[in-house]
Each structure stands twice: as C-alpha cells, then as structure tokens.
Amino acid sequence: MIKNRSLAIILLVVLIFTFHLKDVIAKDSAINELVEMIDAVEDEALQVKTWQIMIREQINKKEMPDMMQAINQIGFSSSYTTETTKNAIKYKWNSRIEENSNESIIMVTSKEQDTVDVIYKIESLEVGSLDQKYLENRVQRVLENVFSDDMTKFTCISTEVDAIIDSDVLFDRMIEKLQVKEIDEMNEKDFIVMSGYTEKWETAMPSLNKSMNIQLAARKGLNGKLNFTIGTPILTTEY
C-alpha cells in the first residue's frame with residue numbers, strides 16, 4: 001500500500017512538472033506573441049492579411065566583424081550592398097525568400113558615433129501564409145546566433161474587416177482575448193490607435209508613467225473596409 005502510494009505521488013509530481021515544462025516552453029517560444037495575435041484574430045473568423053517580426057539591437061562598431069560573420073552563418077550571402085548618406089552608412093544583405101516569407105537584414109552605422117543599428121525582419125509574402133514550425137525555428141536561430149539579450153523584438157499582424165463590423169466591437173473583442181489594460185487612445189476621423197498593457201508578454205516600454213506593450217490600430221480604407229493592426233510592444237508598420 002505504501003509502495004503504491006509512493007508511486008502515485010511520484011507520478012503526480014512528474015505530471016505536474018511536465019505541464020509546467022510545457023507552459024515554460026510555450027512562454028519562451030520565439031514567436032509566442034505572433035501565434036497569440038493570430039489566434040485572437042482567427043477566433044473572430046477573420047483572416048490574417050500580413051504578419052511581421054522585426055528584431056533590433058544597437059551594438060558598438062567594434063562588434064561589426066563578428067556580427068557580419070554571424071549573419072553569414074544563418075544563411076545570408078557574404079556579399080552586401082552599401083548606401084552612404086551624409087550622416088550614416090547602410091549595409092544591406094540580399095533578401096531570403098523561403099516558406100512564403102521574406103527575410104532582410106541591414107546595419108546602419110553612424111559617422112559621428114561608435115554605434116551600429118542592426119535590424120532583422122521576416123514577413124509574410126502571401127495572405128494567410130504561416131509555416132509555424134519553420135518560422136519558430138528560423139527566428140530562434142537568428143536570436144541565438146546574431147542578437148544578444150539586449151535586442152528588442154517587434155511583432156505585428158494585420159487583418160481586413162468588412163465595414164459592417166464596428167471598430168469599437170472589434171477593439172473590445174481583441175482587448176478581452178489578449179487581456180489588455182488600456183493606457184491611451186488616439187481617436188481621429190476614420191483612424192483609431194489604442195495603447196495598452198497585457199501580462200501575456202514580458203517586453204514593455206514606458207508610456208505616460210506606465211508600461212505599455214501592445215498597440216491596436218484601425219483605419220478605414222478607400223475600399224470601405226477596415227484595416228485592423230495589432231503590434232507589440234509598439235506598432236512599427238504603416239496602419
């Protein structure tokens with residue numbers, strides 16, 4: 001009896017640990033925010049029109065050679081183009097097109113400072129296209145081989161909605177699904193942007209003496225449809 005009870009306790013501990021491990025893995029997923037945004041939109045029977053993940057980091061010029069080597073190791077060509085302006089030099093690697101997605105990476109060096117901005121971007125090429133396994137592996141590889149913990153990751157998606165759906169209703173549904181606490185709202189004719197905070201995602205930025213990590217935007221297009229965009233921690237694309 002004691003032996004059976006001990007075995008039951010061990011199995012229970014293993015079961016609890018397994019569920020906890022799954023939860024940790026899910027939270028640590030490189031595309032966790034993107035997946036949760038897409039799920040929220042698709043729960044409303046809407047189709048994702050575009051998605052994008054952008055990773056940015058500022059490094060010292062001394063780190064450029066190592067960074068360039070790392071970029072080559074993740075599949076970008078060893079050749080790149082340069083564009084010189086009055087204040088900066090931009091290095092751009094050829095885009096990689098795989099699994100219905102387009103990748104690009106640039107470095108922008110300041111002529112007056114010893115800093116370099118590194119920007120990686122991967123985005124959809126077709127409406128509704130997302131190979132989740134490929135994308136997660138790809139972004140994780142980029143994070144591990146190119147960027148440090150000082151990077152910032154921006155994620156956004158957009159969908160197009162028929163005008164018969166009220167924008168306020170769509171805002172309310174997304175706020176509920178993503179557990180958003182509203183911080184600020186800009187409301188103009190045919191254009192709304194709301195900033196907020198959700199505990200779902202750790203990355204946050206200061207705003208109005210509070211932390212924000214999500215923005216939702218709605219704009220009425222010329223075709224009469226509503227373009228709805230969600231981004232974290234802020235929107236970095238046109239909306």
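The single condition from (1) open to solvent by 20 Å² or more (accessible area, probe 1.4 Å); (2) modelled with pLDDT of 90 or more; (3) outside any loop (DSSP other than H, G, I, E, B) that residue 142 fails is (1).
Considering (1) surrounded by 21 or more Cβ atoms within 10 Å (Cβ to Cβ); (2) within 18 Å of residue 50 (Cβ to Cβ), the lone condition that residue 219 does not fulfil carries the number (1).
Taking the criterion of being open to solvent by less than 100 Å² (accessible area, probe 1.4 Å), free of Cβ contacts under 8 Å to residues at least 12 places away in the same chain and of a type in the set (D, E, K, R), the only residue of the range 176-187 that qualifies is 185. Among the residues of the range 153-197, those identified as closer than 17 Å to residue 222 by Cβ, charged (D, E, K, R) and in a strand (DSSP E or B) are 160, 188. Among the residues of the range 222-236, which ones are polar (S, T, N, Q) and either assigned to a loop (DSSP other than H, G, I, E, B) or open to solvent by 50 Å² or more (accessible area, probe 1.4 Å) (or both)? Correct list: 223, 236.
Of the conditions (1) assigned to a loop (DSSP other than H, G, I, E, B); (2) open to solvent by 10 Å² or more (accessible area, probe 1.4 Å), residue 30 clears all except one; give me its number. Condition not satisfied by residue 30: (2). Within the range 90-102, being part of a strand (DSSP E or B) and at pLDDT below 95 holds for 93, 94, 95, 96, 97, 98, 101, 102.
Among the numbered conditions (1) over 30 Å from residue 221 (Cα atoms); (2) surrounded by fewer than 16 Cβ atoms within 10 Å (Cβ to Cβ); (3) among the hydrophobic types (A, V, I, L, M, F, W, C); (4) in contact (Cβ under 8 Å) with a residue 60 or more places away in the chain, the only one that residue 127 does not meet is (1). Kindly check whether there is at least one residue in the range 145-168 that is over 29 Å from residue 98 (Cβ atoms), open to solvent by 90 Å² or more (accessible area, probe 1.4 Å) and not β-branched (Val, Ile, Thr). No, there is no match, as no residue in the range 145-168 is over 29 Å from residue 98 (Cβ atoms), open to solvent by 90 Å² or more (accessible area, probe 1.4 Å) and not β-branched (Val, Ile, Thr). Residues considered: 205, 212. Of these, the only one that is crowded, with 22+ Cβ neighbours inside 10 Å and not aromatic (Phe, Trp, Tyr) is 212. Is there any pair with a first residue in the range 199-221 that is under 27 Å from residue 160 (Cα atoms) and part of a loop (DSSP other than H, G, I, E, B) and a second that is open to solvent by 60 Å² or more (accessible area, probe 1.4 Å) and of a type in the set (A, V, I, L, M, F, W, C) whose Cβ atoms are under 9 Å apart and which are 6 or more apart or on different chains, and what are they? From the range 199-221, the pairs are 213/205. Residues in the range 189-236 that are within 18 Å of the chain's Cα centre (by Cα) and hydroxyl-bearing (Ser, Thr, Tyr): 195, 197, 198, 203, 211, 229, 232, 236.
Evaluate the following for residue 57: is it farther than 30 Å from residue 92 by Cβ and at pLDDT 95 or above? When the stated conditions are applied, residue 57 does not pass them. Scanning the range 181-220 for residues that are among the hydrophobic types (A, V, I, L, M, F, W, C) and either modelled with pLDDT under 90 or over 17 Å from residue 232 (Cβ atoms) (or both) yields 186, 191, 192, 204, 205, 208.
Scanning the range 192-202 for residues that are open to solvent by 10 Å² or more (accessible area, probe 1.4 Å) and either in contact with a Cys (Cβ under 8 Å, 6 or more places away or on another chain) or of a type in the set (Phe, Trp, Tyr) (or both) gives a single hit, 197.
The values are calculated or read from the model by the stated rules, or taken from the named source; none is laboratory data. Please read these numbers as outputs of a predicted model, since none were measured by experiment. Heads up, the Cβs are rebuilt from the backbone with ideal geometry, glycines too, and the neighbour counts pull from every protein chain shown. To get the accessible areas, we keep the full protein, side chains included, count just its heavy atoms, and leave off ligands, DNA and RNA. Shrake-Rupley method; radii C 1.70, N 1.55, O 1.52, S 1.80 Å.
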